[in-house]
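Read the structure below first, then the notes.
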Amino acid sequence: MFSKKLIPSLISADVTLEGEIKSAGAIQLDGTINGQIAVNHLTIGEQGQVIGTITAEEVVIKGRVTGSVTATSVILEKSAQVQGDIFHGTLSIATGAEVDGTVKKLETENVTDLSQPKVEKRPTPKSQVAN
């Protein structure tokens, strides 16, 4: 399921959250999130639902997403239902998964790496040559 041994934070089926969720770790979503999610690894269980945007390294969808998904790796299991756009580095779609939206492969430089903090590069000053 995950490329590394992570213990996910669990959002159970009886929980509904609204707002912005950020995590450097993993989330197992069996409830509902209405808002923005930015995580390293997200698994949406069969009862799970996201209404909003997802940005992640890896997303496994077994439930429902209404909104956009941007991730390095996107896996749609047979019970997945996505209404919205998917922007991916790699994509796996199981027979039975449903997508109503556009699917676009991202170039490597356009994929957000959430595992490392973003560092701004400053321009290197040019040397002045005396005449």
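Count, please, the residues in the range 8-18 that happen to be within 16 Å of Lys62 (Cβ to Cβ) and assigned to a strand (DSSP E or B). Count: 2.
Screening Leu114 against (1) modelled with pLDDT of 95 or more; (2) crowded, with 18+ Cβ neighbours inside 10 Å; (3) in contact with a strand residue (DSSP E or B) (Cβ under 6 Å, 6 or more places away or on another chain); (4) more than 19 Å from Leu17 (Cα to Cα) leaves a single unmet condition, (1). Scanning the range 21-41 turns up no residue that is of a type in the set (Ser, Thr, Tyr), in contact (Cβ under 8 Å) with a residue 24 or more places away in the chain, surrounded by 16 or more Cβ atoms within 10 Å (Cβ to Cβ) and out of contact with any Lys or Arg (no Cβ under 6 Å at 6 or more places or on another chain).
Residues in the range 19-27 include at least one that is farther than 16 Å from Val103 by Cβ, among the acidic types (Asp, Glu) and not in a loop (DSSP other than H, G, I, E, B).
The values are calculated or read from the model by the stated rules, or taken from the named source; none is laboratory data. For clarity, every value in this text was computed on a predicted model and none was experimentally measured. With ideal geometry, Cβ positions are generated from the backbone for all residues, glycine too; neighbour counts draw on all protein chains shown.
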